[in-house]
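A short write-up of the structure that comes next.
All of the numbers you see were taken from the coordinates with simple rules; none came from a lab. Since the structure is predicted, the reported quantities are computational estimates derived from the model, not experimental observations. Reconstructed Cβ throughout: ideal geometry from the backbone, glycine too, with neighbour counts over all protein chains shown.
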Amino acid sequence: MGAHAAKARVSYDWGRKSEWNNYTVMGSLRLHFWSIAGTVFVYVLTLWVDELIFLHAAFPRWVEWIYLPTGIRLLSTLLLGADGAIGLLVSALLVDFFHYFPNDPVRAIAGAIFSSAGPYAVYRLALERYGLKASLTNLTPRRLMVLAFAVALANSTLHHLWFAMTGNTQDILQSFFTMFVGDLLGALILVYIVKGTLALLPGHPSQSSRMTDGMFRIRLALDLAYNNRLA
């Protein structure tokens, strides 16, 4: 009877452990999904805001040289790693196929790959050089400037190498400069805004303030997503 009870106990413990492992895996997959879906939503929303402010409003022509989605490209990879890069690829494919190049699938696919590959390469470089931590905690303003410069340079270079390979070389230097400046300014604006906002998020929950507790939950969600990133 004792041996039977011990065997039943082992079987019960194994079942509970297996159930917990399945729950953990499902939670991790769910977090991956929301990280990717969140990136897609924020990227498309930022693009809409960018065009609303800088293209369709009555601003001077030079402000069209600010491209805010580049800031989301950099932030999504710095905060979410490969999950952010996958979200960028999905959102770039949607935007390119349905907005920018609906009649040019090759250009749409190439642009989407460049828009996600460049920021991910910069993220990997930052990971090796700076030892990234969750919520950008160890990225100083100078480091963020370097990364913004790198992502703008990577994006402009990849796109214009493609233009050169496909024979689209008219005004290519001016086009490169315009894209680079727009990407750099857009990245700097959003990166510094988000960095400053994250610095204000509390590191501990609060029992007395619902707002403080809510802000802590945002920080906790970002930290969990970063620690759950694919690579």
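Just a few scattered comments:
- Tensor-based shape of region 56-153 (alpha-carbon gyration tensor, a/c under 1.5 rounded, otherwise prolate or oblate): oblate
- Peptide ranges 174-186, 156-168, 28-40, 81-93 listed from the most packed, as the mean C-beta count within 10 angstrom indicates: 81-93, 174-186, 28-40, 156-168
- Residues His99 and Ala221, FRET efficiency given R0 of 25 Å [Cβ-Cβ distance, rounded to 0.05]: 0.30
- The calculated FRET efficiency for Ala121 paired with Ile172, based on their beta-carbon distance and R0 = 25 Å, is about 0.70.
- Modelled FRET efficiency - R0 25 Å, Thr140 with Ile53, Cβ distances, 0.05 increments: 0.30
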